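S.K.: I'd like to ask you about the structure that follows.
The values are calculated or read from the model by the stated rules, or taken from the named source; none is laboratory data. A quick note: this is a predicted structure, and the numbers were derived from the prediction, not measured. Virtual Cβ from ideal backbone geometry, glycine too; neighbours counted across all protein chains shown.
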Amino acid sequence: MKRFIVFAFCLMYWGVAKAQDCDCKITPYKPNPPCFKICVMKMLLESSKEKLQSTVKLSSALSIKVKNILLDKSDSTTVLDTLEKRLSKEEYKTLLNKLELFNNKKTTLVNPQ
């Protein structure tokens, strides 16, 4: 049992350490994977709907819908999985396309929120 707990703690610590290797203030997010998913999750959770509209170029309606879905998120699924389930296929495809376009730009974010 002790070995399992130590092993689980090591896995958890390794995941946190890997996440800290991602500089989410500079795009494109590298290394990808895992930084694209990590940084996008962080941006979607921490940014206001206005920030999503101005930086990612989401429509007002889609940014509001994304933020409302994430405010209601109570399960253990990832942010992108939750959005894929709750947005229409077209909305989810638009969101991913906008996020990928944003990620492909060479950008330095002063305040990522």
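S.K.: Regarding Leu52, is this residue assigned to a helix (DSSP H, G or I) and within 15 Å of the chain's Cα centre (by Cα)?
M.R.: It is true that Leu52 is assigned to a helix (DSSP H, G or I) and within 15 Å of the chain's Cα centre (by Cα).
S.K.: Identify the residue in region 102-113 that is out of contact with any strand residue (DSSP E or B) (no Cβ under 6 Å at 6 or more places or on another chain) and under 19 Å from Ser48 (Cα atoms) and, among all such residues, is modelled with the highest pLDDT.
M.R.: Checked region 102-113; the qualifying residue modelled with the highest pLDDT is Phe102.
S.K.: Would you check which residues across region 54-66 are surrounded by fewer than 17 Cβ atoms within 10 Å (Cβ to Cβ) and within 22 Å of Lys89 (Cβ to Cβ) and list them?
M.R.: Lys57, Ser59, Ser60, Ala61, Ile64
S.K.: Which of the residues belonging to region 73-87 are in contact with a Ser or Thr (Cβ under 9 Å, 6 or more places away or on another chain) and closer than 20 Å to Ser60 by Cβ?
M.R.: Leu87
S.K.: Met43 versus (1) closer than 21 Å to Lys105 by Cα; (2) assigned to a helix (DSSP H, G or I); (3) without any contact (Cβ under 8 Å) to a residue 60 or more places away in the chain; (4) among the aliphatic types (A, V, I, L, M): which is the lone unmet condition?
M.R.: Failed condition: (3).
S.K.: Does Thr82 count as under 16 Å from the mean Cα position of the chain (by Cα), of a type in the set (Ser, Thr, Tyr) and modelled with pLDDT of 90 or more?
M.R.: yes
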